[in-house]
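Worksheet: one structure, shown below.
The values are calculated or read from the model by the stated rules, or taken from the named source; none is laboratory data. None of these values were measured; they are calculated from a predicted model. We place every Cβ from the backbone using ideal geometry, glycine too, and count neighbours over all the protein chains shown. Ligands, DNA and RNA are excluded from the accessible area calculation, which covers all protein heavy atoms including side chains. Shrake-Rupley method; radii C 1.70, N 1.55, O 1.52, S 1.80 Å.
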Amino acid sequence: MKSLMIVALMVALFVTCSNSPENQANMSETTQKSGNPYYSRTDTAKLVLTEEEWKQVLSPELFEIARHAHTERAFTGKYYDYDATGTYYCAACGNALFKSDTKFASGCGWPSFFEQLRTNATIHRPDYSHGMIRTEVQCGRCEAHLGHIFDDGPPPTGMRYCMNSISLDFEPDANQKAK
């Protein structure tokens, strides 16, 4: 009977510690983003919000790029020359987009990937802005502008997903640091 009470006490202590505010905050950082109730790294359902709703949950810089297809200046983004092992997510909604093993140094000034994480991670749309013919890359979940795709990438796909750093979040694999 005494050992049963000790086990029950240990379980109660474990549950209490697991639900502490510090642990809750650490868990929510990987699945939600502060101030953005629509951000989820597990939900893949289509997300349709009004411009006003997006404006309320995104930073002004991310709003301009993600919702109005602006572009950050080359060589200024935090991930253009970043080399760590992990996963890149949409900064607007948390959708998983790219694995770090598909990232390569393209020299273009933006983070570049040769392959998306899964078939519907991104969607591609014709883009005729600025007098050019390009293919825009949008998040497959929320349709945020991520960047453009070109056919001058390395094997095996020959594609170059040229992304805005501000449109990306990065989650390192366990025990990995930037090289």
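A few remarks follow.
- Residues being open to solvent by 70 Å² or more (accessible area, probe 1.4 Å) and β-branched (Val, Ile, Thr) - total across region 123-153: 1
- Condition check for Asp83: assigned to a loop (DSSP other than H, G, I, E, B), at pLDDT 95 or above, over 23 Å from Glu61 (Cβ atoms) and open to solvent by 50 Å² or more (accessible area, probe 1.4 Å): no
- Checked against the criterion of being outside any loop (DSSP other than H, G, I, E, B) and either farther than 23 Å from Val137 by Cβ or modelled with pLDDT of 95 or more (or both), the candidates Ala92, Ala74, Ala12 yield just one match: Ala12.
- Test for Glu115: is it in contact with a helix residue (DSSP H, G or I) (Cβ under 6 Å, 6 or more places away or on another chain) and charged (D, E, K, R): yes
- Filter result for the condition that a residue is open to solvent by 80 Å² or more (accessible area, probe 1.4 Å) and over 17 Å from Pro37 (Cβ atoms), over Phe98, Phe75: Phe75
- Only one entry of Lys103, Lys46 meets the criterion of being loosely packed, with under 12 Cβ neighbours inside 10 Å, out of contact with any Leu (no Cβ under 7 Å at 6 or more places or on another chain) and at pLDDT 95 or above, and that entry is Lys46.
- Boolean, Gln138 is in a strand (DSSP E or B), at pLDDT 95 or above and not β-branched (Val, Ile, Thr): yes
- Residue in region 52-64 that is over 15 Å from Glu171 (Cβ atoms), among the polar types (S, T, N, Q) and either touching a strand residue (DSSP E or B) at 6+ places or on another chain (Cβ under 6 Å) or at pLDDT 95 or above (or both) present: yes
- Those residues of region 107-122 which are under 17 Å from Asp151 (Cβ atoms), surrounded by 14 or more Cβ atoms within 10 Å (Cβ to Cβ) and either among the basic types (Lys, Arg) or out of contact with any Asp or Glu (no Cβ under 8 Å at 6 or more places or on another chain) (or both), in sequence order: Cys108, Ser112, Phe113, Phe114, Glu115, Gln116, Thr122
- Reported count of residues in region 126-178, each being under 25 Å from Gly94 (Cβ atoms) and not hydrophobic (A, V, I, L, M, F, W, C), is 23.
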